[in-house]
Amino acid sequence: MYNIQSMSHFSVTFMPKQGINKELMNSGKFYNYLSCRWIITVFFNLLDGPQRPTELFRNIDGMSKKVFYERISSLIDDGFITKRVIKVFPSHVEYSFTENGEEFIPFLTELRSLNITDESISHVFKCKWLKSILIALSKNALRMMELKSAIGEISNKVLSEKLKKLERFL
């Protein structure tokens, strides 16, 4: 969500200000994860604590098993979630956040409290300009011309259209 602080100042209130490792944010993985609806949905579901694969899968409408396991595997490979085998009879598996994955929790909790959906988040971060606008605004409030120069090769018309689009989604 962005706020118009005056006629020409914009700021973002939902971008993380704390809690997320700057190295993670600067690596680009943070924003790549935000552009994938399914990864955001997995993260939102894991906020409720460790879950078995079938329980986690059932909580995600419209996702195929193939995509589910691909996303889970990539999150495990990148060190954001862990797969824990519990050796009781019958044995079972649980997925939960790793220490790195827990860095997303304050941000995800804030998004959840603002009722921002995973679909809205992924839609915004798939667009090059919207992503650039949010990244620039997450650092501090900017005037329209400062925002334009921070982003680079964007016209006033496109910038204005993208800001209006952000307002609808967030």
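If one puts a single equal scatterer on every Cα of the stretch 73-170 and applies the Debye formula without solvent, what log₁₀ I(q)/I(0) results at q = 0.25 Å⁻¹?
The calculated log intensity ratios at q = 0.25 Å⁻¹ are -1.26.
Can you check how the C-alpha radius of gyration of the stretch 38-129 compares to 2.2 N^0.38 Å, as a plain ratio?
Relative to the 2.2 N^0.38 Å estimate, the stretch 38-129 comes out at 1.12.
Per q in 0.13, 0.24, 0.29, 0.30 1/Å, what log10 I(q)/I(0) does a Debye calculation on the alpha-carbon atoms of the stretch 82-135 return?
Treating every Cα as an identical point scatterer, log10 I(q)/I(0) equals -0.54, -0.98, -1.07, -1.08.
Each reported figure results from applying straightforward, stated rules to the coordinates on display, with no laboratory input. Just so you know, these numbers come straight off a predicted model, no measurement behind them.
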